[in-house]
Structure formats: C-alpha cells, structure tokens
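Quick notes on the structure that follows.
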Amino acid sequence: MKTKEILVVYEKFVAKNYGRQPLALVKGSGSIAVDSDGKKYLDLVQGIAVNAIGHSPKAVVNALKQAALLMHTSNIFYTIPQGLLARELVKISFPSKALFVNSGAEAIESAIKLARKYQHDKQTGRFEIIAMEDSFHGRTYGALSCTGQKKYHKGFEPLLPGVSHVPFADFDALKNAVTDKTGAILIEPVQGESGVHIAPADYLKKVRELCDQNGILLIFDEVQCGMGRIGKWFGFQNSGVVPDIMTLAKGLGGGFPIGAMLAKPEVMDSFGPGTHASTFGGNPLACSAALAVIKSIKEKKLLKNAQTVGAHAKKLVEKLRKEFPFITEVRQTGLMIGIQLDRPGAGYVSACRERGLIINCTHDTVLRMVPALNVTKREIEKGVSILREALCQNIS
Ligand SMILES: *Cc1c(COP(=O)(O)O)cnc(C)c1O
C-alpha cells in the first residue's frame, strides 16, 4: 500500500484521537526507518523512546522466538521469563519486587493503587497524592488525574479525588502542600513529555527526607527516563535518591509492549493475592523481549554510549543555539534531548521530515530527540545537520 491509500483507510476506519504526521512506516533497522513509498529516514525519536536499541534489533527479534514455545498463560501459573526479568530489574535498580503490566499508564495505576493500599494497611489515613505541574503519567483515569496539565483533563472531569499538583522542582511548594493526608509524592526524575526537565539532585534528596519524616511514599515515574535513557539504568541514579516505588514501560521491551512497577518489598507486600491483577501482565513474550534488551544494553555497553553520544549531541545543538537565537535553551541528559524554542516547533518537525529526519515536538515549543541507545555519533551529526537546514526555513 502507498502512503496515500493508508491515509484514506485511516480517515474512514480509525479513531481520530491522534494528530499524526502524514507518514506510514513499514520497516526499520537500527536508526533507519523506511516509509510505504520507500523513502528512508534517520529516526531520532524511535516510537517515543520505545525502541531502546533501535528498529527491529536482532536480539529482540530472536527473543520473540519464545512465541513458538509459549505465548501466554496468564498469572494463574508461573513462567520462566517473568521470574528472570524481575530478578534482572531488581539487580540493576534497588532492593525491590516487580509487578508486570502492559503500558506506562497501567504501571502508574498500579503505583497509585499500591500507595493507597499500603497506607490503608498501615491505617495512616494518608490517601492523597501530590504530583507535579507539567508532568505526564498517561491517559487512564488515575494516571490522567496525576498528569499535571489541564489540557489533558479538559472534558474528562471529574477526575480521581485526592490528587493535587505543585510546581516541578520547587521544594517549598511541595513542603507546603504536604498534609497529614498525603500518602505519596509522584515525580518524573526527568520530565519527558513536558520537554526534558531534569530534577536537581539536591531537590530530590530533600523530597526523600520529607517523605521519610512523614511516612509518605516516594514514587518515581521512569516510564520515559528509565532503562538506560539517561546514560545510567534509571533516572534516580543521577541523584542516588532511591524511590519506594518506580514505574517503567516505553524502552523496557525494546518495541514490544510491557510495563513494570518495582516497589520495596515491604511496600509491595501490601499487594496480596487478589488485590491487583493484569491478564497480559508479565506475558512470556514481553518478558523475553525485555530480557534481551537488558542483555544488549550490558553487552554493547550502551549506557556509556548514551553518555558519550548524548554529550556530543548537546555540544552540536548548543552550536545551533548560538546560530539561531529563537533556540532559548538546550536540555540534555544522556540521550534525552530537549531543544527549547521561543515559538511553536511543529513546522520544524515537518521540515526535518521532508529532509529525511524524524524528530518530534512536545509541549508545543520543544523539539525532542530520544534516539536509540545504540545511535552513533555520525548519525547524530547527520541529524543535527538536517535539523540545521530545517531551522533555516522561514516557518510561520
Ligand atoms: C509515556 C509516558 C507514560 C504513559 O505511558 P503509556 O504507555 O502511553 O501509557 C507515563 N509516564 C511517563 C513519564 C511517560 O513518558
């Protein structure tokens, strides 16, 4: 099918809840994606930080041969990949136990429910959640209620009771918002969707103390910044502040849908049999894919690659900032790069696409790159030079 024909099918048969770019991708390899008309693109977005080790990596494709062995059992039985994945995730994060789901939003729902159940079991009366302004946690009701952006709430009210928001990385505001009903504080160590905003380490340390002093659970949403994205396994490792609960999804399965929630054992133990569940959660296929991703990141030393190539990208984009005054700030940690403009960015995304580069625009005015962790310096150089051409265009 040609792109034009696919667009016609969508127009007639697919829900219109996404603002899609007029591009139909049919295959990919590493940082290259190919559209239905045969045109090649350098993809520095990778399905929004999902294809952690690029398009259709051999390691994940091979792991999915698990399909021929056993695809699904549901959680009334044990399977080997789920146990092994839990063990791997705990090994690279913090002493915890894992619960598996299918998406970021579902991981957040699990975290909200676990926090409430834990506080309920302890009879603290602490059921409220404080989340951050401009945060993004997903579209299901609990996750949406925690998402600190009015534009996503509009028309869907009433939302989950007991959720409030304070400005990101403002400790005094957070401290003043805490009451004897506060049960959990929810933070992205690096805000992704709002355009790569990095929580300072000293802020997170103070938040940890505040939680410890008041019996409040600290939840880190690492759905986007986790799994090697920042050049360490997890965003919390930038500050050394260990959360009580952590959520994962996006890059975890290297393109295969899977989410996870990790929690300190004494917290996770509030989920006894029958309290929480997900039919597909921890499915052997998804867990096998995730195991292959972790193995590849280790074997190919991709944390180091994310650090060095990310720093290189930052240097190149800083040069663009000097050339184009409408770039007001460049924010980067590992391979999470946000280019803050003083104007809407969508036109530049289109100009890049026409020239064979995929980036995206988030929060209206931020150009974002979240390339594969195995992207090369040369690919980044090529991407930035195409971006430069696009920025030279007169876009209204
Ligand atoms: C994308 C994202 C989510 C939601 O994940 P879905 O899989 O789309 O439900 C939650 N939190 C963060 C930080 C995200 O970036």
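Check whether at least one residue in the range 265-277 is farther than 22 Å from residue 115 by Cα and open to solvent by less than 50 Å² (accessible area, probe 1.4 Å), and report yes or no.
no
For the range 134-155, name all the residues that are of a type in the set (D, E, K, R), within 7 Å of the ligand (Cβ to nearest atom) and under 15 Å from residue 188 (Cα atoms).
none
Listed here are the residues, each with its yes/no results for (1) within 26 Å of residue 136 (Cβ to Cβ); (2) among the hydrophobic types (A, V, I, L, M, F, W, C); (3) surrounded by fewer than 19 Cβ atoms within 10 Å (Cβ to Cβ).
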site	(1), (2), (3)
283	yes, no, no
289	yes, yes, no
292	no, yes, no
300	no, no, yes
308	no, no, yes
333	yes, no, no
343	yes, no, yes
348	yes, no, no
355	no, no, yes
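Scanning the range 21-51 for residues that are among the charged types (D, E, K, R) and modelled with pLDDT of 95 or more, which turns out farthest from residue 358 (Cα to Cα)?
Per the stated criteria, the residue is 27.
State which residue pairs qualify: first residue more than 18 Å from residue 205 (Cβ to Cβ) and touching a residue at least 40 places away in the same chain (Cβ under 8 Å) and inside the range 174-186, second residue among the aromatic types (Phe, Trp, Tyr) and open to solvent by 10 Å² or more (accessible area, probe 1.4 Å) in any location, beta carbons under 6 Å apart, and separation of 6 or more residues or different chains.
From the range 174-186, the pairs are 183/127.
For the range 54-104, how many residues meet the condition of being crowded, with 20+ Cβ neighbours inside 10 Å and without any contact (Cβ under 8 Å) to a residue 60 or more places away in the chain?
0
Can you pull out the residues in the range 105-130 that are within 11 Å of the ligand (Cβ to nearest atom) and either open to solvent by 30 Å² or more (accessible area, probe 1.4 Å) or not in a helix (DSSP H, G or I) (or both)?
Of everything in the range 105-130, those that are within 11 Å of the ligand (Cβ to nearest atom) and either open to solvent by 30 Å² or more (accessible area, probe 1.4 Å) or not in a helix (DSSP H, G or I) (or both) turn out to be 106, 109.
Identify the single condition in (1) within 16 Å of the ligand (Cβ to nearest atom); (2) over 30 Å from residue 119 (Cβ atoms); (3) surrounded by fewer than 22 Cβ atoms within 10 Å (Cβ to Cβ) that residue 253 does not satisfy, given that it satisfies every other one.
(3)
Are any residues in the range 361-373 under 17 Å from the mean Cα position of the chain (by Cα) and touching a residue at least 24 places away in the same chain (Cβ under 8 Å), and if so, which ones?
The answer is 362, 363, 366, 367, 368, 369, 370, 371, 372, 373.
Within the range 192-222, how many residues are within 16 Å of the ligand (Cβ to nearest atom), touching a residue at least 60 places away in the same chain (Cβ under 8 Å) and either in a loop (DSSP other than H, G, I, E, B) or among the basic types (Lys, Arg) (or both)?
Total satisfying the criteria: 5.
Pairs please, first residue from the range 377-388 and at pLDDT 95 or above, second anywhere and open to solvent by 50 Å² or more (accessible area, probe 1.4 Å), Cβ atoms under 7 Å, 6+ apart in sequence or on different chains.
Short answer, once both residue conditions are applied: 386/355.
Quick one: which of 378, 353 is basic (Lys, Arg), in a helix (DSSP H, G or I) and more than 24 Å from the chain's Cα centre (by Cα)?
Going through 378, 353 in turn, just one is basic (Lys, Arg), in a helix (DSSP H, G or I) and more than 24 Å from the chain's Cα centre (by Cα): 378.
Which numbered condition trips up residue 169, out of (1) away from the ligand (no atom under 15 Å from the Cβ); (2) more than 19 Å from residue 108 (Cβ to Cβ); (3) in contact with a strand residue (DSSP E or B) (Cβ under 7 Å, 6 or more places away or on another chain); (4) not aromatic (Phe, Trp, Tyr)?
(3)
Looking at the range 232-244, which of its residues are within 17 Å of residue 200 (Cβ to Cβ) and touching a residue at least 24 places away in the same chain (Cβ under 8 Å)?
The answer is 232, 234, 235, 236, 238, 239, 240, 241, 242, 243.
Go through the range 1-34 and count every residue that is in a helix (DSSP H, G or I) and either over 30 Å from residue 373 (Cβ atoms) or open to solvent by 90 Å² or more (accessible area, probe 1.4 Å) (or both).
Residues flagged as in a helix (DSSP H, G or I) and either over 30 Å from residue 373 (Cβ atoms) or open to solvent by 90 Å² or more (accessible area, probe 1.4 Å) (or both) within the range 1-34 amount to 9.
Out of curiosity, is residue 61 under 30 Å from residue 378 (Cα atoms) and not acidic (Asp, Glu)?
Against the criterion (under 30 Å from residue 378 (Cα atoms) and not acidic (Asp, Glu)), residue 61 qualifies.
The values are calculated or read from the model by the stated rules, or taken from the named source; none is laboratory data. Computed from a prediction, not measured in an experiment: that's the story for all the values here. Please note: Cβ atoms are built from the backbone with ideal geometry, for glycine as well, and neighbour counts cover all protein chains shown. In case anyone asks, the SASA skips ligands and DNA or RNA and just uses the protein heavy atoms, side chains included. Shrake-Rupley method; radii C 1.70, N 1.55, O 1.52, S 1.80 Å.
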